[in-house]
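**Q** My structure is below; once you've seen it, I'll send some questions.
No lab work stands behind these numbers, since they all come straight from the coordinates. Owing to the predicted nature of the structure, the values given are computational and were not obtained by experimental measurement. Using ideal geometry, Cβ is built from the backbone for each residue, glycine included, and neighbour counts are taken over all protein chains shown.
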Number of protein chains: 2
Amino acid sequence: MTWFYEHYKGVSAVGVHTEKLLHESSSKFQSIKVFETTGHGRLLTLDDMVMLTELDEFVYHELLSHLALCAHPSPAQVLVVGGGDGGCVREVLKHPSVERVVQCEIDEAVTRVCQEFIPSVAGGLADPRCELVFADAVRYVREHPATFDVILVDSTEPIGPAEALFGADFFGDIRRALRPGGIVTAQAESPFYAPEVVRGLFAAVRPLFRHVHPYMGFIPTYPSGAWTFLFASDEASPADIRGEALDALDARYVNAAVATGAFALPAFARDLAGSPG
Amino acid sequence: MTWFYEHYKGVSAVGVHTEKLLHESSSKFQSIKVFETTGHGRLLTLDDMVMLTELDEFVYHELLSHLALCAHPSPAQVLVVGGGDGGCVREVLKHPSVERVVQCEIDEAVTRVCQEFIPSVAGGLADPRCELVFADAVRYVREHPATFDVILVDSTEPIGPAEALFGADFFGDIRRALRPGGIVTAQAESPFYAPEVVRGLFAAVRPLFRHVHPYMGFIPTYPSGAWTFLFASDEASPADIRGEALDALDARYVNAAVATGAFALPAFARDLAGSPG
């Protein structure tokens, strides 16, 4: 068929060769498309930005989920903020201690499209331990204090509805929504192309938690392919991540070596995120 | 002006927005172009493949150079195979123990174009410690046994003239060109989009050296943004990399944490490269 390009800030682009447009719709919040691609499996875009491809979504979903879940001694209650595609839920359900995972996504249409067209990612949403909430996560988090052991912030870019998910108010509410020993991880954009987002997020979150650490992973279809994540907790630090638990997942990305390696940031990215505490 | 795209294997693409074509020529070996870009500084392409941009070339050149140079107790004689742009030489010259660095590039035109249009990268080539050789590196390496402390294989993709630089014969000659305690590093393509190259290179090199280790770095303008490198030596292992020497470089990418973190490969990439030895 043709090339799909995501152009980023007028300076860089990522391209994925597509075979067929399988779905196209407009929800109350955004345009939603699913393509069959030549080499990336299926591709989901929101407002023409790549959300995931089946080739590399494992990197994002494993990194956002498992490091936090393996740093907590026994996560039972988990919240996914955003993440309407279901990829984080799929990974969370691999942890036997999890009793309930809530996916709080503002746009139900994203979830329904993924359930129909990308079942390899959304399949876990039918699990009885998964509770689907279609609502504004900012309000949901505020209304559920002391509820969750782990919160995964799987947001879109900090423009439009997701902008609030990068601020100090939201992360203050996140902290209150955690139970003792709780941990939050969040996606934090590209240190090459969105350094101001990385800097702003860490500056906002650092005063809120005792431990705040950046980590990174390789995500080919996101701008720059280099993605930052945030790990924050009052009790747990990256040193608490149980490497043997990561190895036992037999995952495609995370393993015991990555538990420390992902936190070994390049100098320029470490400078953006400030000193770990 | 317009977008420059490198399309990779008909499945993925990287795009860089350009302002102006500064240079275009055809050498005996390849087409050479230099663009002024909107957000990446200057861009060098060979046969329409991205060789470097000024935004992210530091990642590639620092990773290929400094880990080997800081694993060797006192590198004096260094060879850069390929690397006609001069980026590796620039990094090598930051090590005071280096007495001579030979850049053996098959295509003199690449070096001359970079000296004229990308002096931020090629500037070090005028240093008196640098010796420029324009010749086939396969033959040069074979004819210089027991000569170098560190060899950096800065090749293009394994097609055309660079294909031989990914084989067992060449790395056998590399091993013989090293002095006792010598170390070689090489670029090793993308584990996402060229897994067969990663697998083939490590399978070829593993029997030749006592220590063979893969490592990785974030390079936004290369296909997938995730790049593999090879570290091999009979004496030195990654555990010998002096973290304090990396920190002392005050570099933009490498630091003491990266000295171990870069070797912490994602599970799927570790599988491609085989078990470290």
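**Q** Applying 1/(1 + (r/R0)^6) with R0 = 41 Å to the Cβ-Cβ distance of residue B:235 and residue A:179, what FRET efficiency is obtained, to the nearest 0.05?
**A** With a Förster radius of 41 Å, E is 0.20.
**Q** Nm distances between the label at residue B:208 and the same-position labels in the remaining copies, 7 Å along Cα→Cβ, shortest first?
**A** 5.2
**Q** Kirkwood Rh, the protein assembly as shown, all Cα pairs: how many Å?
**A** Result for the protein assembly as shown, one decimal place: 24.1 Å.
**Q** Count the net charge of all other residues whose Cβ sits under 15 Å from the Cβ of residue A:73, scoring Lys and Arg as +1 and Asp and Glu as -1.
**A** Overall, the nearby charge balance is -4.
**Q** Enumerate by residue number the GluC sites (Glu not before Pro) in region A:58-140 meeting two conditions: DSSP loop (anything except H, G, I, E, B), and at most 16 other Cβ atoms within 10 Å of the site's Cβ.
**A** Hits after loop and neighbour filter: A:99.
**Q** At 7 Å along the Cα-to-beta-carbon direction for both residue B:268 and residue B:143, put a label point, then send me their distance in nm to one decimal.
**A** 4.4 nm
**Q** Relative to the longest principal Cα axis of chain A, at what angle does helix A:57-71 sit, 0 to 90 degrees, rounded to 10?
**A** 10 degrees
**Q** A further question follows. Using label points projected 7 Å from each Cα along Cα→Cβ, tell me how many nm separate residue B:76 and residue B:159, to one decimal.
**A** Taking the simple label geometry, residue B:76 and residue B:159 are separated by 4.3 nm.
**Q** Roughly speaking, what % of Cα-Cα pairs in region A:2-53 are separated by over 19 Å, rounded to a whole number?
**A** 23 percent
**Q** If you rotate chain B onto chain A, whose Cβ in B ends up lying nearest the axis, and how many Å away is it?
**A** Closest Cβ on chain B to the axis mapping it onto A, in Å: B:225, 1.
**Q** Right, here's the next one. For a quick check of your reading of the filter: which trypsin sites (Lys or Arg not before Pro) in region B:1-100 sit in a DSSP loop and have no more than 15 other Cβ atoms within 10 Å?
**A** Listed in order of number, the matching sites are B:9, B:28.
**Q** What is the antiparallel percent of DSSP beta bridges lying wholly in the protein assembly as shown, to the nearest 5?
**A** Counting only bridges with both partners in the protein assembly as shown, antiparallel ones make up about 65 percent.
**Q** For chain A, what is the mean residue ellipticity at 222 nm derived from helices alone (per DSSP H run of n ≥ 4: -39500 (n - 2.57); sum divided by total residues; nearest 500 deg cm²/dmol)?
**A** So the calculated ellipticity at 222 nm is -8000 deg cm²/dmol.
**Q** Of all DSSP beta bridges located in region B:1-147, what percent are antiparallel, nearest 5?
**A** Taking every DSSP beta bridge within region B:1-147, about 70 percent pair in antiparallel fashion.
**Q** Okay, moving on. Enumerate lysine pairs in the protein assembly as shown that are 8 or more residues apart or on different chains, then count those whose Cα atoms are under 28 Å apart.
**A** Lysine pairs meeting both conditions in the protein assembly as shown amount to 15.
**Q** Hey, got the dipole for chain B? About the Cα centre, +1 on K and R Cβ, -1 on D and E Cβ, debye to the nearest 20?
**A** Its charge dipole is roughly 480 debye.
**Q** Distances from residue A:36 to the same residue in each other copy, label points 7 Å out along Cα→Cβ, in nm, shortest first?
**A** From this label point to the equivalent ones elsewhere in the assembly: 4.6 nm.
**Q** What ranking of B:127, A:149 emerges when the number of other C-beta atoms within 10 Å of each C-beta is taken as an exposure proxy, fewest first?
**A** Going from sparsest to densest Cβ surroundings: B:127, A:149.
**Q** Once R0 is set to 30 Å, what does the formula 1/(1 + (r/R0)^6) return for the Cβ-Cβ distance between residue A:7 and residue B:9, expressed as a FRET efficiency to the nearest 0.05?
**A** So, using R0 = 30 Å, E works out to roughly 0.90.
**Q** Count charges around residue B:84 for me, please; just the other residues with Cβ under 11 Å from its Cβ, Lys/Arg as +1, Asp/Glu as -1.
**A** -4
**Q** Sum up the charges of everything whose Cβ sits under 13 Å from the Cβ of residue B:131, counting Lys and Arg as +1 and Asp and Glu as -1, but leave residue B:131 out.
**A** Here the charged neighbours net out to -1.
**Q** Can you give me the Cα centroid spacing of region B:141-166 and region A:146-191 in angstrom?
**A** If we compute the Cα centre of each part, the gap is 48 Å.
**Q** Beyond 18 Å, how much of the Cα-Cα pair distribution for region A:1-145 remains, as a whole percent?
**A** That fraction is 59 percent.
**Q** Computed FRET efficiency, Cβ-Cβ of residue A:20 and residue A:108, R0 22 Å: what is it to the nearest 0.05?
**A** After rounding to 0.05, the efficiency reads 0.35.
**Q** Let me have the relative contact order for region A:57-273, percent, based on Cα pairs under 8 Å that are six or more residues apart.
**A** Rounded, it is 22 percent for region A:57-273.
**Q** Mind listing the Cα extents of chain A along all three principal axes, in Å, largest one first?
**A** 51, 43, 36
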